[in-house]
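Participant: Please find one structure pasted underneath; my questions will follow.
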Amino acid sequence: MKSGFKIVIGAAALFATAVLLAPMPSFDAPLSTVVEAADGSLLGARIAADGQWRFPASDSVPPKYVTALINYEDRWFRWHPGINPVAIVRAMSDNISAGEIVSGGSTITMQVARMARGNPPRTYRGKILEMLSALKLELFRSKKTILKLYAANAPFGGNTVGLEAAAWRYTGRSPNDISWAEAAAFAVLPNAPSLVYPGRNNIRFRQKRDSLLVTMCRRGVFDTITLSLALDEPLPDAAGSMPSLAPHLVSWFQLHSPGKRIRTTIDPYLQREVSEIVNNHQRMLENNLIFNAAAIVVSVDNGHVLAYVGNSTLPDTTGDYCRDVDIIRAPRSTGSILKPFLYAGLLSSGEMLPEELIADIPMRFQGFRPENYDFSYRGAVPAGDALALSLNIPAVRMLQRYTQERFLRLLKEVGFTSFTRPASHYGLSLILGGGEASLWELAGAYASMARVEKQCSEREHYTADDWHSPVLREEEFTSRDVNDPDPPLSAPAIWLTYEALLRVNRPETETGWQYFGSAPPIAWKTGTSYGFRDAWAIGSSPHEVIAVWAGNADGEGRPGLTGITAAAPLLFDIFRLRHHDEWFSRPEEEMTLVEVCAASGMRAGADCPEIREEWVPEAGLKSNVCKWHTIIHLDKTERYRVNISCANPGEIVNKPWFILSPAMEYYYKMHNTSYRSIPPLKPGCSDDRTISAMEFLYPPAGAKIFIPRGFTGELSAMLPEVAHRRRNATLYWHLDNKYQGMTQGIHQLELWAAEGDHQLTVTDDQGNTITRHFTMVRPEEK
């Protein structure tokens, strides 16, 4: 007895050791990249590196499939320890009778062990190893985990592995939505996936499926009515394409997170609608040989990306349309789309008031001459109107005031990473598209602006953490690592920026928007890059920011490719999907009412005759006092200016007068008929020269100018320019005290200046004189 007991104990120990030493089934085959929407539905997938559709294991297995699988493969799965002795004995008997292996007696757990070994040919040695591994698997893993391993790695015919990949390929639906008939079909497929699968040997396939359905009905899984309906269902179709709601987003994750299951923040219904709208607009844009468009929708509250259409998904019939390019992530020339950040930066720092007059006169720099979109000049324009009209010259003036270095730093603080060169590389063209940014970062920065405003409106509190990139996955968001807890732009500055952007005229498709109260408030901005290569439009509401782009991915420009014509209609069509009428409340806690000059928009000075109150950021209290009003001395008729050289003090009328610089005045009064030029000096009065009669437009003071060359390489003339208050004035030009000529009307004169320092002197027909010093620099010979 003792000897027999020891043998039993020894055998048990040996068996236990064999089980413990058996390999634990595991799977390391490459996986498909799977991208899901916020609700878990499939946005798209990419095939695994080995050419198989093999999804990462899901968190659960659909109950219908589990029931069908257990009834077909392993009825006693819930109770056995990994092997079923009865089934093994029966299989051995069948194999001995047949003289070959015709049955394995495998449980579901043993099949998992065999799959982990790569489904090798069946041998008795292999069967023993599978049994030991199955026992070990049952010892250390739950039944639920074992079912998940089976469902994720079972072969389903062709290059389809796993239930989830099979459900999407054969039914176009999630495995959670399959019917009893489909569950039965998927349960029988792994039994002989190379012989029977959808589209191949369908007669045998239907027999196996229907037999399982009858068995389940007989066992009380469902009633006869359900059985009848299931038997009438057709077999799953041959393998089709995977869903492709966001192909460019899926490709991005394939590149950055291959072989992973990614749950995104995408709203699948909005994604489908936005993609359809982009394609509809793309069909119209193609008439102008514009072949690409993109759109992104970002939630203001948390930065979640609700829709991501990286490019049109229309067929690329020529292969030249570059529709596989993800435009959302591609850096492109910004055009005017950065102007709101500059405007808000100036307001936030208190260096400018929202409606302060900004000069809009010709500007020239070495190699750079900004122009407004309509090639006109307004002399001076309120800063808010300049933003709403997207005027380039006032924007350059504002950047001069703010400085390129500070603006570049601000752009980095609000989330842009593409501006990697020093400020000197971009120069003043930075505000007009001299740098590049992606639709992704633009949407993030605009959404952050709206988030700050919303936080201030609802919670009266906002921080630097409210500025962050768009969020595609919940786990992506992390607080900003910043030393300064204050956000880069204040809520009052953003609110005033939005007030200006609300005035932007909408595209022709929105004709009459300003006359109907039903039009939802949208603060929006367009941008067009140099050469008509990029068309931008970005709109903000308290709920979403929508950013769109249109153009050609290869950079080819097209006439008419502008933000207002190519991108804005797409923007507003997407906004129609979102019905919101709310708007941000004015952040009065951080604002103050100040008296401003009605004419100049600056803080009212002692000489400003008309004053209004205006809400401005508290920092605006340190802005400059109006410099355009001054007291002039008139005779009693107020038709002439006088001074004590020609009038008695008692006869002099002192009156405040709105006096712009000569260049500003020249263009301003063309657009503002109410503007009154200063009266002329009364004959006989000596001119005290306190009010300048003219000013240089070019060259700038102290400029260093490369000696210009013509198209053929020869040295050519420079073209200085002067503006005079009187249209009929005659000007006399002297270079280094040598007479050069005279001008009337348009005061430009070609001058040839040698290398070195020079003095340019201009005198008008009334003896007024201005002088400008500059240096000519000879370009290096090639």
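Participant: Determine Rg/Rh for the chain; Rg is computed over alpha-carbon atoms and Rh is the Kirkwood hydrodynamic estimate from the same atoms. It would help to have the intermediate numbers written out before the result.
Facilitator: Numbers: Rg = 38.5 Å, Rh = 32.4 Å.
A ratio of 1.19.
Participant: With a bin width of 10 angstrom, please list the P(r) values of segment 191-330 as percents of all Cα-Cα pairs, from the 0 bin to the one holding the largest distance.
Facilitator: Spelled out bin by bin, segment 191-330 gives 10, 26, 20, 19, 19, 6, 0 percent.
Participant: Give me the percent of accessible area attributable to carbon and sulfur for the chain, probe 1.4 angstrom.
Facilitator: Details: 19010 of 36110 Å².
Whole-percent figure for carbon plus sulfur exposure: 53.
Participant: Here is the link list: Lys148/Lys208; Lys682/Lys738; Lys136/Lys208; Lys627/Lys682. Which ones come out longer than 27 Å on Cα distance?
Facilitator: Values: Lys148/Lys208 23 Å; Lys682/Lys738 32 Å; Lys136/Lys208 32 Å; Lys627/Lys682 25 Å.
Long pairs (Cα-Cα over 27 Å): Lys682/Lys738; Lys136/Lys208.
Participant: Would you please give the FRET efficiency between Arg639 and Ala606, computed as 1/(1 + (r/R0)^6) with r the Cβ-Cβ distance and R0 = 25 Å, to the nearest 0.05? Let's see the in-between values first.
Facilitator: On the way: r = 25 Å, r/R0 = 1.01.
Computed FRET efficiency for Arg639 and Ala606: 0.50.
Participant: Additional query: Report the calculated FRET efficiency for Ser686 and Gln400 (r = Cβ-Cβ distance, R0 = 30 Å), to the nearest 0.05.
Facilitator: Values: r = 36 Å, r/R0 = 1.21.
FRET efficiency, Ser686 to Gln400: 0.25.
Participant: Per-residue HN-Hα couplings for segment 770-777, Karplus 6.51 cos²θ - 1.76 cosθ + 1.60 at θ = phi - 60°, whole Hz, x for Gly and Pro?
Facilitator: Coupling constants for segment 770-777: 10, 9, 9, 9, 8, 10, 8, 10 Hz.
Participant: Place a point 7 Å from the Cα of Tyr373 along the Cα-to-Cβ direction; which residues of segment 554-573 have their backbone N under 20 Å from it?
Facilitator: Taking a point 7 Å out along Cα→Cβ of Tyr373, the residues of segment 554-573 whose backbone N falls under 20 Å are 557-573.
Participant: Compute the Rg/Rh shape ratio of segment 629-733: radius of gyration over Kirkwood radius, all on alpha-carbon atoms. Intermediate results must be reported in sequence, preceding the final value.
Facilitator: Details: Rg = 18.8 Å, Rh = 16.6 Å.
Rg/Rh for segment 629-733 comes to 1.13.
Participant: By the 4.7 Å beta carbon criterion, which cysteine residues of the chain come out unpaired?
Facilitator: Cysteines lacking a close Cβ partner in the chain: Cys217, Cys322, Cys456.
Participant: Which shape class, rounded, prolate or oblate, goes with segment 30-74 when its Cα gyration tensor gives a ≥ b ≥ c as root eigenvalues, a/c under 1.5 marks rounded, and past that a/b bigger than b/c marks prolate? Mind showing how you got there, number by number?
Facilitator: Values: a/c = 3.50, a/b = 1.52, b/c = 2.30.
Oblate.
Participant: Follow-up question, since we're still on this one. Modelling each spin label as a point 7 Å along the Cα-to-Cβ direction, I'd like the Ser142/Ala754 distance in nm, to one decimal.
Facilitator: Placing both labels 7 Å beyond Cα along the Cβ direction yields 9.4 nm.
Participant: Right, here's the next one. Run the dipole for segment 230-352 about the Cα centre, Lys and Arg Cβ at +1, Asp and Glu Cβ at -1, nothing else charged, and hand back the magnitude in debye, nearest 20.
Facilitator: Numbers: 9 positive and 13 negative charges, 104 e Å.
The calculated dipole for segment 230-352 is roughly 500 debye.
Participant: In addition: Using the Cα centre as the reference, give the magnitude of the dipole from point charges on the C-beta atoms of the chain (Lys, Arg: +1; Asp, Glu: -1; all else neutral), rounded to the nearest 20 debye. Numbers along the way, then the final one.
Facilitator: Details: 79 positive and 86 negative charges, 655 e Å.
Approximately 3140 debye in magnitude.
Participant: Measure off 7 Å from each Cα along the Cα-to-Cβ vector at Ala717 and Lys655, then give the distance between these two points in nanometres to one decimal.
Facilitator: Between Ala717 and Lys655, the simple spin-label model gives 4.2 nm.
Participant: OK, next. May I ask you to order 689-699, 752-762, 299-309 by the average number of other C-beta atoms within 10 Å around their residues, highest value first?
Facilitator: Values: 689-699: 17.5, 752-762: 15.5, 299-309: 23.3.
Ranked from most to least packed, the peptides come out as 299-309, 689-699, 752-762.
Participant: Starting at 0 and stepping by 10 Å, how many percent of the alpha carbon pairs of segment 289-399 end up in each bin?
Facilitator: Result, from short to long distances: 12, 29, 25, 25, 9, 1 percent.
Participant: Roughly speaking, what is the centre-to-centre gap between segment 283-306 and segment 348-371 when only Cα atoms are used, to the nearest Å?
Facilitator: Answer, in whole Å: 31.
Participant: Right, something else. Taking only protein heavy atoms into account and a 1.4 Å probe, give the accessible area per residue of the chain in Å².
Facilitator: 46 Å²
Participant: What FRET efficiency comes out for the pair Glu286/Asn201, r = Cβ-Cβ distance, R0 = 35 Å, nearest 0.05?
Facilitator: Working: r = 45 Å, r/R0 = 1.30.
The formula returns an efficiency of 0.15 here.
Participant: Could you work out the helix-only [θ] at 222 nm for the chain, with each DSSP H run of four or more residues adding -39,500 (n - 2.57) and the total divided by the number of residues, to the nearest 500 deg cm²/dmol?
Facilitator: Working: 21 runs with 246 residues, N = 782.
That comes out to -9500 deg cm²/dmol.
Participant: Hey, what's the Kirkwood Rh for segment 372-501 if you take every pair of different alpha carbons, in angstrom? It would help to have the intermediate numbers written out before the result.
Facilitator: Details: mean 1/r = 0.0618 Å⁻¹.
The answer is 16.2 Å.
The values are calculated or read from the model by the stated rules, or taken from the named source; none is laboratory data. What you are looking at is a predicted structure, and each value in this text was computed from that prediction instead of being measured. Glycine also receives a Cβ, built like all others from the backbone with ideal geometry; neighbour counts cover every protein chain displayed. Just so you know, the surface numbers come from the protein's heavy atoms only, side chains and all, with ligands and any DNA or RNA stripped out. Shrake-Rupley method; radii C 1.70, N 1.55, O 1.52, S 1.80 Å.
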